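Every read-out reported here was derived from the displayed coordinates using simple, explicitly stated rules and does not represent laboratory data. From a predicted model like this one, the values you see are computed outputs, not experimental measurements. As a convention, Cβ positions derive from the backbone with ideal geometry for all residues, glycine included, and neighbour counts pool all protein chains shown.
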Amino acid sequence: MRGAGRPAHRRSSLKSVHPVAMTDQKPIAAALPRDNPAPGTPAIASAIMPGLAPDRVGIGLHPQHHEDLLDTRPAIGWLEIHAETYMGGGAARHYLEQARALWPMAVQATGLGLGGEELPDPEHLDRLARLAAWLEPELVSEHLAWVGVEGRYYNDLLPLPYTPESLESCCRNVDIVQTRLKRPILMANPASYLRFRESQIAEAEFLSRLSRQSGCGILCDVNNLYVSSVNHVGREAAPAVAEAYLDSLPGPAVHQIRIAGHSECTADGKLMLIDDHGALVAEPVWRLYASAVQRFPHAATSLEWDSNLPPLAHLVAEAQHAERQRAAALRPSALPGDDMNPTDGDERAA
């Protein structure tokens, strides 16, 4: 069983912290004084030198698109895979082997739970390490989240309290993974629907410290950032909160930007956004994406679409639209959202 035999941790369990509605909290928690990295750790993740052209957008690779992708060989920049889909053998690995000969690759993992108090599962980490050694991806990422506790695991990326203790756990876990993979990884900001009363550090500051202390890079997921901001402070205030978040990130450590779609619902009469990756990228996310690429022009961009999966041609059209959005944002005197056309192309509008 995963989690069995792990050493006891001296800190209190995640079960002891108290989740509260995001709307009951201030949008940005007070930041603690900046600390210095431990001796021998890099100040930023400057060692990550991805071979991905920033002006070419990558898409997520899904088994439903395997044959179409290899038959049509669309004009895309690169491919990103979910590690857990390809850790075994069989048909999925067979198609991946063919695809890696045609496009650069990136890997995102979702099962290590690096934001939790427990150590990463060694067997799961070994499988990820073997996949990365075989695939030789340009980037490997994980999420600022936890996935289980005391041997119980959940099919979700769960939020954590942003405290000095949880930062210490994250740094330890990231170091374990980077040592095993023999490379720096990127850590992605999560989409969140609640916060913890115990949180003492703003999320952007938490990610910045994690990067400084562990040497990991940052994956800036602008859809997650917009979703969390709306869930925290409402639609009107969200853009300013999200822009302040981007300003707080250490630019040289941001090596990937991710875009995706989301859905809306109501909870107790309040608007909530759900990070379901099941639709076209929303207009406010495009504006935030323009701001992100202006701040981090060296970062590679990936488009994620996991539910309500469209035909491959539609996914490619959205990625190509993202390339045009990026180019427009980087033109001299460009404004966020410049050159935006939500009905650009029949494939994208479908």
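In order along segment 113-130, the phi-based Karplus estimate (6.51 cos²θ - 1.76 cosθ + 1.60, θ = phi - 60°) of 3J(HN,Hα) comes to x, 6, x, x, 7, 7, 5, x, 4, x, 5, 4, 5, 4, 5, 5, 5, 5 Hz; Gly and Pro are listed as x.
Quick check on packing: order 159-170, 129-140, 93-104 by the mean number of other C-beta atoms within 10 Å, highest mean leading.
On the way: 159-170: 20.9, 129-140: 18.0, 93-104: 14.7.
Order by mean packing, descending: 159-170, 129-140, 93-104.
Simple rule: put +1 on each Lys or Arg Cβ and -1 on each Asp or Glu Cβ in segment 218-311, find the dipole, and look at V233, Q294, G278; the Cα lying farthest toward the positive end is Q294.
For S141, the residues 5 or more places off, or on other chains, whose built amide H falls under 5 Å of its own are V107, Q108, A109, L186. Taken over the alpha carbons of segment 147-304 as equal point scatterers, the Debye sum produces base-10 log I(q)/I(0) values at 0.08, 0.17 Å⁻¹ of -0.23, -1.09. Put simply, when 51-57, 113-119, 312-318 are sorted by average Cβ atoms within 10 angstrom per residue, most first, you get 113-119, 312-318, 51-57. The amide H of A279, built 1.01 Å from its N in the peptide plane, has G261, H262 as neighbours under 5 Å, considering only residues 5 or more places off or on other chains.
Roughly speaking, what % of Cα-Cα pairs in segment 262-321 are separated by over 19 Å, rounded to a whole number? Kindly include the intermediate steps, with their values, before the conclusion.
Numbers: 746 of 1770 pairs.
Of the Cα pairs, 42 percent sit more than 19 Å apart.
Remark: segment 323-333, residue by residue, has Karplus-estimated 3J(HN,Hα) of 4, 5, 4, 5, 4, 5, 5, 9, 5, x, 6 Hz, where x stands for each Gly or Pro and the curve is 6.51 cos²θ - 1.76 cosθ + 1.60 at θ = phi - 60°.
Karplus-based coupling profile of segment 61-76, in residue order and whole Hz: 9, 10, x, 4, 9, 3, 5, 4, 4, 6, 6, 9, 6, x, 7, 10, with θ = phi - 60° in 6.51 cos²θ - 1.76 cosθ + 1.60 and x standing for Gly or Pro. Peptide packing for 227-239, 183-195, 210-222 was compared via the average number of neighbouring C-beta atoms within 10 Å per residue; ordered from the highest value, the list is 210-222, 183-195, 227-239.
Shape index of segment 60-206: Rg/Rh, with Rg the Cα radius of gyration and Rh the Kirkwood radius from the inverse mean 1/r over Cα pairs, equals 1.01.
Near the amide H of A300, within less than 5 Å, lie the amide hydrogens of Q256, I257, all on another chain or at least 5 residues away, with H placed in the peptide plane.
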